[in-house]
Amino acid sequence: MPLVKVKTLDALRNLSGEELAVTPWFEVRQERIDRFADATEDHQWIHVDRERAQRESPYGATIAHGFLTLSLLSRFMREALEVGG
């Protein structure tokens, strides 16, 4: 889906509830998860312990922190939306 361009914030508000864009896939590797764990001091096993997560997690692997996922929104917004101009 191409970059969505809107000229004003009001035009953006009018798109509320609409699917604006689908960005390309972005792989979150374990190294990024580990660095985020260090930055936030959140070393819960579900994020950083590969062996335990493989054994005990319902996903069979570690998972990214929710806040890490949210922090990527600024990246996806740049890929999906342009306001102004």
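Select from the range 1-17 the residues that are in a loop (DSSP other than H, G, I, E, B) and hydrophobic (A, V, I, L, M, F, W, C) and write down the one among them that is surrounded by the fewest Cβ atoms within 10 Å (Cβ to Cβ).
Only one residue tops the list, namely MET1.
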What are the residue pairs meeting all of these: first residue in the range 19-34, first residue within 16 Å of PHE67 (Cα to Cα), second residue in a loop (DSSP other than H, G, I, E, B) and among the basic types (Lys, Arg), Cβ atoms under 8 Å, and 6 or more apart or on different chains? none
Consider only pairs whose beta carbons are under 6 Å apart and that are at least six residues apart or on different chains; among these, list those whose first residue lies in the range 42-54 and is over 13 Å from LEU68 (Cβ atoms) and small (Gly, Ala, Ser) and whose second residue is open to solvent by less than 50 Å² (accessible area, probe 1.4 Å) and not in a helix (DSSP H, G or I). ALA53/ALA61; ALA53/THR62
When residues of the range 33-78 are limited to those that are closer than 30 Å to LEU20 by Cβ and of a type in the set (Phe, Trp, Tyr), the one surrounded by the most Cβ atoms within 10 Å (Cβ to Cβ): PHE36
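Suppose the filter is in contact with a strand residue (DSSP E or B) (Cβ under 8 Å, 6 or more places away or on another chain) and either hydrophobic (A, V, I, L, M, F, W, C) or in a loop (DSSP other than H, G, I, E, B) (or both); does LEU20 pass it?
Details: in contact with a strand residue (DSSP E or B) (Cβ under 8 Å, 6 or more places away or on another chain): yes; either hydrophobic (A, V, I, L, M, F, W, C) or in a loop (DSSP other than H, G, I, E, B) (or both): yes.
For LEU20, the condition - in contact with a strand residue (DSSP E or B) (Cβ under 8 Å, 6 or more places away or on another chain) and either hydrophobic (A, V, I, L, M, F, W, C) or in a loop (DSSP other than H, G, I, E, B) (or both) - is met.
The values are calculated or read from the model by the stated rules, or taken from the named source; none is laboratory data. From a predicted model like this one, the values you see are computed outputs, not experimental measurements. Heads up, the Cβs are rebuilt from the backbone with ideal geometry, glycines too, and the neighbour counts pull from every protein chain shown. Just the protein is used for accessible areas: all its heavy atoms, side chains included, with ligands, DNA and RNA removed. Shrake-Rupley method; radii C 1.70, N 1.55, O 1.52, S 1.80 Å.
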